[in-house]
Structures are given as structure tokens and as C-alpha cells.
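Written below as C-alpha cells is the structure these notes are about.
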Amino acid sequence: MGLAFEVGASVSYELQTHDEEGRISSQKETALPQVLSEAANFLSNPPDRTLPRKDSSRGCYRSKSPPVGHCEKKGQMADFMNYEQQSRARGWSLKGRVALVTGAAGGLGKAIVAELRQRGANVHGVDVSGEDLFHVDLSTPSGNRDMVAHVLATAGRLDILVLNAGCQFLAPLAQFPDAEWERLRSVMLDAPFYALKAAWPALTSSRGGRVIVTASVSSFSATPKKAAYTAAKHGVLGLVRVAALEGAAHGLTVNAVAPGWMDTGLMRGQVEAQAASRGLSADQVIAQFRAWQPGDRFIEVNEVAAVIGFLASPSASGVNGECVTIDLGASVG
Ligand SMILES: NC(=O)c1ccc[n+]([C@@H]2O[C@H](COP(=O)([O-])OP(=O)(O)OC[C@H]3O[C@@H](n4cnc5c(N)ncnc54)[C@H](O)[C@@H]3O)[C@@H](O)[C@H]2O)c1
């Protein structure tokens, strides 16, 4: 990305960007009022490049190539950082993008919807119930097709697909009800397949389409009594990787996130079952979930939503077929 300033009665700048296929386009833009005054201030007090390079402990840049900020003149570093943040914000913006988020009534789903909206996307939420959402049962192939058709009919396009719906059931393998096996597999493995298939033409014709699947630390580790959940979460990573390879030629990226324990309905729903089977109180089970993660805390849904926001953004164009684990490091210990 290149940037050139023109200073006159106002400050305008020419922004050069590379699209997914490496083509360069430039556009002239006028800075926002506060950015304009910051930019003017920055330009009228250019950094003194004769100063020695600063030590990194003071948060200064060590690069010799311009623009180089320095710490001595109060305010200049702040101006510089604003300038940097402005460029970074452009890469993170989802303005003009249409997104679909499943499981949007749930703990993590709500946070994802909020994150994508904050970045400027037009977000369509899907769940079995919940206000201002498209209601559909994703355990059926037609439910997945209907939700994609609904978004395409409403918004005319689809750029970002977040497959986040999930559910849980615990039982020893030998007693695991067939219907629960079917339900968990349908929602967390079959549904992503049907949704991807239905959305593929739209996603591959979007410039820089994005798919993000909510996997789990159960995608690469196992827990007794979680046969269906563990199998579905393992399986969906295979789907993510195949879709990533097939989508790459179209500028589409397909990635997953693997959260650790978050305090949501899905977590709360299994506390009683675990407490009963292990002879513990609900509080003891919750304390154990937290203690599994370094820092002895739950992952905040916003922490996961922020990673999904990044993966959905233009900044993540080179990340494909990955699963980003968000568990405070629990699974590396
Ligand atoms: N909570 C955790 O500790 C944790 C950890 C790792 C991964 N995850 C994953 O995060 C995702 C979000 O879960 P959450 O923690 O927000 O739980 P949640 O129960 O709050 O949300 C899940 C949502 O999925 C929806 N859903 C379930 N079945 C559906 C169906 N058939 N059709 C449509 N929607 C359906 C539910 O209605 C609910 O709103 C899930 O994929 C889950 O497996 C959760």
C-alpha cells in the first residue's frame, strides 16, 4: 500500500492498494477531520531524522526508512501512531461486505455478529430462534440451503460465511443415543458442508471471500463421553482444509478457530451432566474448566470474535486452511 499526501487548504491523500490478484488501484480520499488535523500537525513538525535510533523499550520504531517517528517531541509519536492505525484500520474494515453468521443467538454468535458489524459488514444472523435472526434448523440440508438463499435474496451477495452453530451431548460411547450422534454430527459437520456447497458460487465470485468455522480444542484432542462432539469437530477441520485448497484460486480463504472454554450456554449445559457423573458440585466443575486454562479463567467470547474478525478481513488474505487456537495456551502445555 502506498500513500502520498498533498497539502493545501485541505489534506487529501492518494491510497494505492493491491487487490487479491496483485492488481494496483489508486484512489484519492480526503482525511477525516481529526486525521486531517493530525496529519497536518505531523507534516508541519516533521520527525527529526538526525536523532539517534531509539531503543525498543520506549516503543519507538528502529527502521531507517521513512516515515520514522521519534519520542523526544511530545505528540509526534501519537500522530505517527494515528497515521499507522488509520492505514491498518483500512485493512481491517469490512465495509461493503455481506456476512452470514450461524448460531447467532448463542454466546459466541452474538459476539461475532457485533464484531463484524463494528467493522462495517452487513451481517445476517441465523439460528433456530432469537430476535432479528433468520430462523432455520441447520441439522437439515434444506435448512442450510434456505439460509444461503435468504441472504442472497435479501442482500444480493455473500462475502463472509461464519459457521458457528454448535451443540453438545455427553454420554459414554456404549450408551450414546443414535439420535444425539446424528444431531451433533448434522449441526457441526454436515451443516458446514451443505452451507459451503450452497454458498460456494457466491463466495468464489466475491473478491476475497471468507469462510470461518468455529471448531474447538476438541478438534485435536479427545474427552471421554464426547464422542459425537469430538468426531464432528475433528471432521470439520478436514472440510476446512479441502475447501481452503479448492477456494484459493478464487481468492477465497477458509479457516477455523478453536476456542478453549468460554462461559456460554453450551458450556453451562454440560456442567450438570459432568457434576453428576463425577460426583462434584456445579461450582467445582466450572472451577476445573477454568483451571484447565493458564490464567485460571474462561476465554472471553470477544477474544474469539476478534480473531474471526481478523480472519474475515482483507488483512488475512494470506491465511488459508488454518485453525487458530484461542485457549490461553492450554493445549501447548
Ligand atoms: N463454549 C465453549 O466452551 C466452546 C468451546 C469450544 C468451541 N465452542 C463452539 O463455539 C460455537 C458456539 O457455541 P457457544 O459456546 O456460543 O454456545 P451456545 O449454545 O451459546 O451457541 C450455540 C448456538 O448454536 C445454535 N444451534 C444449535 N443447533 C442448531 C440448529 N440445529 N440450527 C440452528 N442453530 C443451532 C443454538 O441455538 C445456539 O444459539 C459452537 O460451535 C461450539 O461448539 C464452544
- Query: With respect to residue 302, is the statement that it is assigned to a loop (DSSP other than H, G, I, E, B) and under 24 Å from residue 187 (Cα atoms) true?
  - Reply: no
- Message: Is it the case, given these coordinates, that residue 138 is assigned by TED's automatic domain parsing to the domain that holds residue 307 and in contact with a helix residue (DSSP H, G or I) (Cβ under 8 Å, 6 or more places away or on another chain)?
- Response: yes
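Filter the range 166-179 down to residues that are surrounded by 16 or more Cβ atoms within 10 Å (Cβ to Cβ) and in contact with a helix residue (DSSP H, G or I) (Cβ under 6 Å, 6 or more places away or on another chain), then give me how many there are.
At the first step, the residues of the range 166-179 found to be surrounded by 16 or more Cβ atoms within 10 Å (Cβ to Cβ) are 166-171, 176.
Okay, now just the ones that are also in contact with a helix residue (DSSP H, G or I) (Cβ under 6 Å, 6 or more places away or on another chain), so 166-170, 176.
Residues meeting the conditions: 6.
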- Which numbered condition trips up residue 266, out of (1) modelled with pLDDT of 95 or more; (2) touching a Ser or Thr at 6+ places or on another chain (Cβ under 9 Å)? (2)
- Task: With the checklist (1) touching an Asp or Glu at 6+ places or on another chain (Cβ under 8 Å); (2) buried (at least 18 other Cβ atoms within 10 Å of the Cβ) in hand, flag the one item residue 135 doesn't pass.
- Result: (2)
- Item | Members of the range 138-160 that are part of a loop (DSSP other than H, G, I, E, B) and surrounded by fewer than 17 Cβ atoms within 10 Å (Cβ to Cβ) | 140, 156, 157
- Query: Among helices (runs of 4 or more DSSP H) lying entirely in the range 161-273, which contain 1 or more residues that are free of Cβ contacts under 8 Å to residues at least 60 places away in the same chain and away from the ligand (no atom under 16 Å from the Cβ)?
  - Reply: 178-185, 191-205, 227-247
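The values are calculated or read from the model by the stated rules, or taken from the named source; none is laboratory data. Everything numeric in this text was worked out from a predicted model, so none of it was measured. No Cβ is skipped: glycine too gets one built from the backbone with ideal geometry, and neighbour counts run over all protein chains shown.
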